[in-house]
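Colleague: I am attaching a structure below and will ask some questions about it afterwards.
The values are calculated or read from the model by the stated rules, or taken from the named source; none is laboratory data. Predicted, not measured: the structure shown is a model, and the values here were computed from it. Quick reminder, even Gly has a Cβ in these numbers, built from the backbone with ideal geometry, and neighbours come from all protein chains shown. Only protein heavy atoms, including side chains, enter the accessible area calculation; ligands, DNA and RNA are left aside. Shrake-Rupley method; radii C 1.70, N 1.55, O 1.52, S 1.80 Å.
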Amino acid sequence: MHFASSLSDAEGCVISSASPPLQSVALALRKALLDVHPNATVLAWPAHKIISFGFGPKKMSEHYAFIALHAGHVNLGLYHGASLQVDELEVEGTGKSMRHVKVGSVAEAESPAIRRVVQIAREFQAMRLADRAGGATHELHVAEKGATRTLGEVSPSLRGTSGPPDSGVEKRSPRLKG
């Protein structure tokens, strides 16, 4: 487990398992994830060829996204993707909660749509964690805006929150299906 943008040995093993073009895609996706959440907890599992991002060390309960390397593409996985409405990208999968987006190029990985999907997944997970903690305050650091947004008490309906008036953070909540 590590924090920050330096590539760990385990992450290097995961990325080196792919062809050079897909390594570039994986690195671009990793950068996009860390741009949205610079202080993310990052875990890598070389045997499974995944790198996971979240708020703590528990993959399934604290993480929101992962990079999975395959023979011909890279997936941006969303642990709770079935609960999110993501119109910007083609989200695939039929599982109970996980979904993924196939990313085939660096340009796709660097797209605003990828960053937006990561932001939605991150905010959704932050609200899940805050709700689990009994509505405790949970801070989100929004790297692109250089501001901090605090998610206050979270209702079961997962209502939206906003940052301080002059923070430059858009007033929006994660978009949920249903």
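Colleague: Examine region 152-163 for a residue that is open to solvent by 40 Å² or more (accessible area, probe 1.4 Å) and either modelled with pLDDT of 95 or more or closer than 16 Å to ALA40 by Cα (or both), and state whether such a residue exists.
Modeller: No: zero hits.
Colleague: Hey, can you tell me all the residues within region 71-82 that are open to solvent by 20 Å² or more (accessible area, probe 1.4 Å), aliphatic (A, V, I, L, M) and over 15 Å from MET98 (Cβ atoms)?
Modeller: Quick first cut of region 71-82, residues open to solvent by 20 Å² or more (accessible area, probe 1.4 Å) only: 71-73, 80, 82.
Remaining after also requiring aliphatic (A, V, I, L, M): 71, 82.
Across region 71-82, the qualifying residue is only ALA71.
Colleague: Does region 14-23 contain any residue that is of a type outside the set (Phe, Trp, Tyr), modelled with pLDDT of 95 or more, under 16 Å from the mean Cα position of the chain (by Cα) and open to solvent by less than 10 Å² (accessible area, probe 1.4 Å)?
Modeller: no
Colleague: Quick check, is LEU89 in contact with a Ser or Thr (Cβ under 8 Å, 6 or more places away or on another chain) and without any contact (Cβ under 8 Å) to a residue 60 or more places away in the chain?
Modeller: No: the conditions fail for LEU89.
Colleague: Do you know which of the residues in region 49-70 that are of a type outside the set (A, V, I, L, M) and within 16 Å of LEU22 (Cβ to Cβ) is surrounded by the most Cβ atoms within 10 Å (Cβ to Cβ)?
Modeller: Once the filter is applied, the top-ranked residue is PHE66.
Colleague: Of all residues in region 24-39, which are assigned to a loop (DSSP other than H, G, I, E, B) and buried (at least 22 other Cβ atoms within 10 Å of the Cβ)? Steps first, please.
Modeller: Let us first name the residues in region 24-39 that are assigned to a loop (DSSP other than H, G, I, E, B), namely 37-39.
Scanning region 24-39 gives a single hit, HIS37.
Colleague: While we're here: Among the residues of region 1-39, which ones are of a type in the set (A, V, I, L, M) and either touching a residue at least 60 places away in the same chain (Cβ under 8 Å) or closer than 19 Å to PRO112 by Cα (or both)? It would help to see each step written out before you state the result.
Modeller: The initial filter retains those residues of region 1-39 that are of a type in the set (A, V, I, L, M), namely 1, 4, 7, 10, 14-15, 18, 22, 25-29, 32-34, 36.
Residues satisfying the conditions are VAL25, ALA26, LEU27, ALA28, LEU29, ALA32, LEU33, LEU34, VAL36.
Colleague: Do you know which residues across region 83-112 are outside any loop (DSSP other than H, G, I, E, B) and surrounded by 15 or more Cβ atoms within 10 Å (Cβ to Cβ)?
Modeller: Correct list: SER83, LEU84, ARG99, HIS100, VAL101, LYS102, VAL103, VAL106, GLU108, ALA109.
The rows are residues; the columns are (1) of a type in the set (S, T, N, Q); (2) within 20 Å of GLY104 (Cα to Cα); (3) touching a strand residue (DSSP E or B) at 6+ places or on another chain (Cβ under 7 Å).
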position: PRO21; (1), (2), (3): no, yes, no
position: TRP45; (1), (2), (3): no, no, no
position: GLY54; (1), (2), (3): no, no, yes
position: ALA82; (1), (2), (3): no, no, yes
